[in-house]
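Every read-out reported here was derived from the displayed coordinates using simple, explicitly stated rules and does not represent laboratory data. Computed from a predicted structure; not experimentally measured. In this analysis, Cβ positions are derived from the backbone assuming ideal geometry, glycine residues included, and neighbour counts consider all displayed protein chains.
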Amino acid sequence: MRVAVTGAAGFIGGAVCRAAVTAGWQVYAFSRREFAIPGAVHHRWDIDTGRFIDPPEVDVVVHAAGAVTDWGPAAPIWRTNLDGTRHVVATFPGARLVHISSASVYDPYVPTVCAREDAAPVDRYLTPYAASKAAAERLLAGRPATVVLRPHAVYGPGDRTLLPRILDAVRGSALWMVGDGRTRQSLTSVDNLVAATLLACRPDAPAGVYNVADAEPVAVGDALREFLAARGLPARIRTLPVGPAWVLAGVAETAWRLARRLHPPRLTRYAIAHLAMERTLDLTAAREGLGLRPTPTSFEGAGAW
């Protein structure tokens with residue numbers, strides 16, 4: 001199997017590259033910065049700027065490159081997530097495509113309860129990230145031999161977004177969270193996402209859209225306690241009611257934007273929508289179509305992450 005991986009220097013793309021090399025595949029790793037994965041052939045490519053000239057011949061492309069942020073100017077996010085996807089498709093027009101999307105394409109204003117894939121994309125989003133990921137899915141709709149994967153809250157060794165943000169929110173011996181902690185969440189370990197990605201690369205895997213998550217949803221409060229315990233942090237979780245927190249987050253976002261701050265406030269409506277509301281995914285399609293057998297949510301070894 002000959003596979004090209006975009007975003008290979010990132011959390012998800014790097015994990016896919018290493019797994020594909022281990023599987024004995026010929027791996028072409030694409031990223032905008034210099035790096036090295038043993039066993040892979042590296043090519044430097046900023047997908048924002050246009051198609052790659054003279055690409056290698058491959059059987060499948062795993063498109064894991066993306067701007068993953070709920071803050072900042074919209075234009076660069078759209079260039080990477082939509083225009084970049086268009087450039088990847090133009091570079092490898094005849095190859096099978098496995099596109100790493102996001103469960104952020106579901107409606108952020110209402111709970112996502114055992115959502116099936118046909119419930120998204122929608123017409124309203126809180127962030128350019130979610131809107132641009134939805135637009136990329138629409139761009140790919142109808143493309144032959146294309147698989148779209150929708151993970152939610154990807155975590156694991158090498159995570160630079162979700163768990164570091166949680167750790168940064170710990171103040172003294174307390175971690176404040178919105179909601180009562182009983183909200184159910186479908187989390188996605190990077191191992192489960194990589195397994196789904198490699199299954200989707202097979203030429204006999206049915207094209208389509210697939211939710212990807214751990215075996216069963218977890219209560220967000222329990223998951224946070226387990227993660228903090230695995231990190232050796234004796235922090236106590238304290239809660240804020242959803243309604244006032246949503247209003248406060250909206251005010252903070254407005255103030256931060258007026259001040260042109262580069263980093264988001266500690267509390268955003270996007271974070272509330274994805275942790276204080278139920279976000280659970282129906283995995284029937286991935287189990288039956290891809291043959292995915294997801295493992296349970298676990299933060300074992302998180303102390304070394």
Point to revise | For the stretch 274-289, 3J(HN,Hα) per residue [Karplus equation, 6.51 cos²θ - 1.76 cosθ + 1.60, θ = phi - 60°, Hz, x = Gly/Pro] | key: 9, 10, 9, 9, 5, 9, 10, 10, 7, 9, 4, 4, 5, 5, 7, x
Study note, to complete from the structure: Phi angles of the stretch 206-216, converted by Karplus (6.51 cos²θ - 1.76 cosθ + 1.60, θ = phi - 60°) into ³J(HN,Hα) in whole Hz with x for Gly and Pro, give x, 5, x, 10, 9, 5, 9, 7, 5, 4, 9
Check your understanding: Once the mean 1/r over all distinct Cα pairs of the stretch 151-217 is inverted, what Kirkwood radius in angstroms do you read off?
Key -> 14.2
Review point. For the stretch 2-304, what ratio Rg/Rh do Cα atoms give with a Kirkwood hydrodynamic radius?
Key: 0.96
Check your understanding: Which distance in Å, rounded to a whole number, links the C-alpha centroids of the stretch 152-226 and the stretch 52-113?
Key -> 19
Point to revise | Protection-proxy order for peptides 82-88, 213-219, 296-302, each taking the mean of Cβ atoms within 10 Å per residue, highest first | key: 82-88, 213-219, 296-302
Review point. In whole Hz, what ³J(HN,Hα) sequence does the stretch 167-178 give by Karplus (6.51, -1.76, 1.60; θ = phi - 60°), x for Gly and Pro?
Key: 4, 5, 7, 6, 10, x, 10, 10, 10, 7, 9, 8
Review point. What percent antiparallel are the DSSP beta bridges of the chain, to the nearest 5?
Key: 10
Point to revise | Built amide H within the under 5 Å cut-off of Tyr210, gap 5+ | key: Val148, Leu149, Arg150
Review point. Rg and Dmax of the stretch 206-305, Cα atoms, in Å?
Key: 17.6, 49
